[in-house]
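Read through the structure below, which is laid out as structure tokens, and then see the notes.
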């Protein structure tokens, strides 16, 4: 059976909303102002950068780790009713300068067995 992959590609304003929501949830300091957008940073390891227009000169930048961006985009998707398989590989990627969430069903039966197998005593 072939492997299956699906990509969710986020617009900069969607990614910005997702990162801002995560920042509020985890207590990360974000300056007051208008969300100007978000972009992926890095090639092999993709991190995130949230831009905020504070109205006082250059935009403020808040950095996010790969794990934080993944958490933000997954929560954003679920809050909007976008179905995500529970048992799947979820990988953050950069696609045409945007955040992309690659969702894979690689060896899904084997993955399910590993993630749902009873714990050994």
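The values are calculated or read from the model by the stated rules, or taken from the named source; none is laboratory data. Just so we're clear, the structure is a prediction, and the values are computed from it rather than from any experiment. All Cβ positions, glycine included, derive from the backbone under ideal geometry; neighbour counts span all protein chains shown.
Given the conditions (1) touching a strand residue (DSSP E or B) at 6+ places or on another chain (Cβ under 9 Å); (2) surrounded by fewer than 16 Cβ atoms within 10 Å (Cβ to Cβ); (3) over 13 Å from residue 63 (Cβ atoms), report the number of the one that residue 26 does not fulfil. Answer for residue 26: the failing condition is (1).
As a summary of the residue check, residue 36 satisfies the conditions (1) over 18 Å from residue 5 (Cβ atoms); (2) within 15 Å of the chain's Cα centre (by Cα) except for the one numbered (2).
Going by the structure shown, is residue 72 at negative phi, at pLDDT 95 or above, part of a helix (DSSP H, G or I) and surrounded by 13 or more Cβ atoms within 10 Å (Cβ to Cβ)? It is true that residue 72 is at negative phi, at pLDDT 95 or above, part of a helix (DSSP H, G or I) and surrounded by 13 or more Cβ atoms within 10 Å (Cβ to Cβ).
Answer with yes or no whether residue 14 is crowded, with 16+ Cβ neighbours inside 10 Å and either modelled with pLDDT of 95 or more or closer than 19 Å to residue 104 by Cα (or both). Answer is yes for this residue. Among residues of the range 53-69 being touching a strand residue (DSSP E or B) at 6+ places or on another chain (Cβ under 7 Å) and assigned to a loop (DSSP other than H, G, I, E, B), the one that is modelled with the highest pLDDT is 65. Restricting to the range 38-47, name every residue that is more than 20 Å from residue 84 (Cβ to Cβ) and either in contact (Cβ under 8 Å) with a residue 40 or more places away in the chain or in a loop (DSSP other than H, G, I, E, B) (or both). Result: 39, 42, 43, 44, 45. Considering the range 4-26, the residues that are in contact (Cβ under 8 Å) with a residue 60 or more places away in the chain and within 11 Å of the chain's Cα centre (by Cα) include one that is farthest from residue 89 (Cα to Cα), namely 14.
Set side by side, the residues 50, 22, 35, 92 differ, and just one is at pLDDT 95 or above, part of a strand (DSSP E or B) and touching a helix residue (DSSP H, G or I) at 6+ places or on another chain (Cβ under 9 Å), which is 50.
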